[in-house]
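The structure appears below as structure tokens.
The values are calculated or read from the model by the stated rules, or taken from the named source; none is laboratory data. Please read all numbers here as calculations on a predicted model, not as lab measurements. Counting neighbours? That spans all protein chains shown, and the Cβs are built from the backbone with ideal geometry, glycine included.
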Amino acid sequence: MATDSFRATELFQMHELVIQLDRAAQIILAPLGITYNDFLVLLAVYGNPSSSQQEIAQSIGVGKASISLRTRALSEKGLVVQSLNPENRRETLLVLSGQGQRVYQEAASILTERAGPVFDTLGSNRERFRADLGALIQELHNQMFDPKENTR
């Protein structure tokens, strides 16, 4: 059956890996009162303070409506501070509150600690795996988003 052979492809296996990582992160982060999607927003804002909602949305691959809902919820939890850009009043800027910084740092620490043993199973191949993932991500970006390459 053709669909069964697709399950053996690298593409599908990477999809399964992402699903499992997302599920694990949801469970791990629940005691902190955030979802994995919340964490991704906190990560993006932490790395780029005073970024616009649009910049954050682009960096984590979500749409304008989605980021608006997420940042509003994070603001209501006291984790993100929203302000209008004084240079462009139609643009909302985001920074982490003190509590947001603490939650982000704790979440990042817990996720790293909990994921470590999983990736330790790679043994001496762990650094190679990380390098290969980086190369795959870059190649996917090049092939899918480079206008001169994407002629179909």
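Points worth noting:
- Screening Arg102, Arg126 for residues that are of a type in the set (Lys, Arg), surrounded by 12 or more Cβ atoms within 10 Å (Cβ to Cβ), without any contact (Cβ under 8 Å) to a residue 40 or more places away in the chain and over 30 Å from Leu11 (Cβ atoms) leaves exactly one candidate, Arg102.
- A single entry from Ala73, Ala24 fulfils the requirement of being in contact (Cβ under 8 Å) with a residue 60 or more places away in the chain, part of a helix (DSSP H, G or I) and either farther than 22 Å from Asp132 by Cα or of a type in the set (Gly, Ala, Ser) (or both): Ala24.
- Qualifying residue in the range 133-149 (condition: in contact with a helix residue (DSSP H, G or I) (Cβ under 9 Å, 6 or more places away or on another chain), farther than 16 Å from Leu17 by Cβ and at pLDDT below 85): yes
- Checked against the criterion of being aliphatic (A, V, I, L, M), assigned to a helix (DSSP H, G or I), in contact (Cβ under 8 Å) with a residue 40 or more places away in the chain and touching a strand residue (DSSP E or B) at 6+ places or on another chain (Cβ under 7 Å), the candidates Leu94, Leu42, Leu111 yield just one match: Leu42.
- Put simply, of Val62, Val118 the only residue that is part of a loop (DSSP other than H, G, I, E, B), under 19 Å from Ala25 (Cα atoms) and modelled with pLDDT under 95 is Val62.
- The condition (being modelled with pLDDT of 95 or more and among the hydroxyl-bearing types (Ser, Thr, Tyr)) is satisfied by just one residue among Ser109, Ser124: Ser109.
- Scanning the range 81-99 for residues that are of a type in the set (A, V, I, L, M, F, W, C) and either in contact with a helix residue (DSSP H, G or I) (Cβ under 6 Å, 6 or more places away or on another chain) or surrounded by 14 or more Cβ atoms within 10 Å (Cβ to Cβ) (or both) gives Val81, Leu93, Leu94, Val95, Leu96.
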